[in-house]
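Written below as structure tokens is the structure these notes are about.
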Amino acid sequence: MVDPFELLKALHALSAVDADRAVRLDKLSSLMQAPRGELDEALRSLADMKYVEVVDDKVFLTELGILKISSLFC
């Protein structure tokens, strides 16, 4: 299972912080070495918390997601 907060950290490391810098889901699945189904499950959880937005098979952090990931390092 993909840890949602590890996924947040990966998106942050990839600078996926807006729609222009969104990461394709197939690329993210490959980078996370996780099956697409597990990735989708973690993304649904993060989207429910308003931490990420998925648009047209791409994902990026929302402002709230950026604040959340930043708070993990403080």
* Asked: Taking Arg44, is it surrounded by 12 or more Cβ atoms within 10 Å (Cβ to Cβ) and in contact with a strand residue (DSSP E or B) (Cβ under 6 Å, 6 or more places away or on another chain)?
  -> no
* Quick check: anything in the range 49-58 touching a strand residue (DSSP E or B) at 6+ places or on another chain (Cβ under 6 Å), surrounded by 12 or more Cβ atoms within 10 Å (Cβ to Cβ) and among the basic types (Lys, Arg)? -> yes
* Structure fact -> Contact list, first residue from the range 30-56 and part of a loop (DSSP other than H, G, I, E, B), second anywhere and among the charged types (D, E, K, R) and surrounded by 12 or more Cβ atoms within 10 Å (Cβ to Cβ), beta-carbon distance below 9 Å, six or more apart or interchain, is Met49/Lys68; Tyr51/Lys68
* **Near pairs, Cβ below 7 angstrom, 6+ apart or cross-chain, from the range 8-20 (buried (at least 17 other Cβ atoms within 10 Å of the Cβ)) to any residue that is hydroxyl-bearing (Ser, Thr, Tyr)** => Leu8/Tyr51
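We did not get these values from a lab; they are worked out from the coordinates using the rules stated. As the structure is a prediction and not an experimental result, all values here were calculated from the model. Quick reminder, even Gly has a Cβ in these numbers, built from the backbone with ideal geometry, and neighbours come from all protein chains shown.
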